[in-house]
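Report on the structure given below.
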Amino acid sequence: MEPFEFEMFAHEILSRLPSKCLITFTASSIYIDNLIGGKVDICQRKFISFPVDTPLSNLMILAAQYGLILMCIQGPSDQLILWNPTTNKFLNLCHNKPKSFFDIKADAVGIYLDSLYDVKILHLQRRMDGVVPRLYSMNTHEWKTLSFLKGSDYASLLYLWSNGTLCNNVLYFASPHYWAPHKSYMIAFDVVSETFSKLSTPQFTHVVARQRCFLKIRNILHMFVVVKTHDINVKLFKFEDQGWLEVSSFTNPKSISFELCLNNLGEKGAQSWSFITDWGIIIEIKIDMKDLQYLQDAETFQGLYNVASFEDIVLSPTL
């Protein structure tokens, strides 16, 4: 192959092949690690900067898909940012919008690719008078308003909505109740029909907490639930055939710090798993070889605070 042809091949083809990475935000830095075989490889860690001049403590990861990351810049007026860490290009989705357009404490977002290969951003705007779903198209750079479910409790701030997890053409939003876990539910958005439905979450009498964001393993929705009987246990459930099935149970979980959680991610032999609950507490569980083999196929690390997996590709939100 001629040098020019090889350079063109490398630039046009090889540079567009996705490789799995893990991006982590701390109070002082942003860094990216490679994900190899379900493990974090810190040997080639690289540090990057955020393209907007703001303290890193103001940033929060909301969702990640197709090499793009939905971010929130927290402030007097929260900003919703679509960012590609590979190209360092971004799009402010709140540009020319009212100050109250996005509220990190109440709203939820999700990202998906439709049948026409258009990247869509779903924004569920929750206010006291109801829920207003808005859908952004990267192709047209326009928002459109959708219809939502009938009911009076969806906008209540007693429900702590998660951001969307995409699984089999459906965006799932966990909606745990702040004081009454038995009232919790989840919202499903079918990206093909652009319609919403209300579904149940795993129900227990003695639920202590639930995982804040769903976990996707082999393209199946999963959720960790913390329950208390005689001891504190963690149960892992999967969602199949419109129902929840218990997969595993773990004893003696413990709460840990964010720093310890990051250290465990970098330990190749660490047989533990961490996730953040709807109460904002990071829980660590010890896992055996059987569960380790099952969990290593997890397709997202979004269950952790300000940590997300993404594909290293050149798709730009400004196109």
Of the residues in the stretch 189-200, those that are touching a strand residue (DSSP E or B) at 6+ places or on another chain (Cβ under 8 Å), surrounded by fewer than 19 Cβ atoms within 10 Å (Cβ to Cβ), within 14 Å of Pro133 (Cβ to Cβ) and of a type outside the set (Lys, Arg) number 4
Out of (1) loosely packed, with under 13 Cβ neighbours inside 10 Å; (2) modelled with pLDDT of 95 or more; (3) charged (D, E, K, R), the one Lys105 does not meet is (2)
Handout entry: Tyr185 vs. criteria surrounded by fewer than 19 Cβ atoms within 10 Å (Cβ to Cβ), under 19 Å from the mean Cα position of the chain (by Cα) and either over 19 Å from Leu80 (Cβ atoms) or not charged (D, E, K, R) (or both)
Key = yes
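Got a sec? Which of Glu284, Glu246 is exposed (fewer than 13 other Cβ atoms within 10 Å of the Cβ) and either in a strand (DSSP E or B) or in contact with a Lys or Arg (Cβ under 7 Å, 6 or more places away or on another chain) (or both)?
The match here is Glu246.
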Checked the stretch 156-180 for anything open to solvent by less than 50 Å² (accessible area, probe 1.4 Å), under 17 Å from Phe224 (Cα atoms) and in contact with a Ser or Thr (Cβ under 9 Å, 6 or more places away or on another chain); matches are Trp161, Ser162, Thr165, Tyr172, Phe173, Ala174, Ser175, Pro176, His177
Of the conditions (1) within 18 Å of Asn163 (Cβ to Cβ); (2) in contact (Cβ under 8 Å) with a residue 24 or more places away in the chain; (3) open to solvent by less than 80 Å² (accessible area, probe 1.4 Å); (4) in a loop (DSSP other than H, G, I, E, B), the single one that Thr86 does not satisfy is (1)
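For every residue, the table says whether it meets (1) surrounded by fewer than 12 Cβ atoms within 10 Å (Cβ to Cβ); (2) at pLDDT 80 or above; (3) β-branched (Val, Ile, Thr).
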{"residue": "Leu14", "(1), (2), (3)": "yes, no, no"}
{"residue": "Leu17", "(1), (2), (3)": "yes, no, no"}
{"residue": "Lys39", "(1), (2), (3)": "no, no, no"}
{"residue": "Phe47", "(1), (2), (3)": "yes, yes, no"}
{"residue": "Leu56", "(1), (2), (3)": "no, yes, no"}
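The values are calculated or read from the model by the stated rules, or taken from the named source; none is laboratory data. Bear in mind the structure is a predicted one, so any value in this text is a computation, not a measurement. Backbone-built Cβ (ideal geometry, glycine too); neighbour counts: all protein chains shown. Quick note on the areas: whole protein, heavy atoms, side chains included, nothing else; ligands and nucleic acids left out. Shrake-Rupley method; radii C 1.70, N 1.55, O 1.52, S 1.80 Å.
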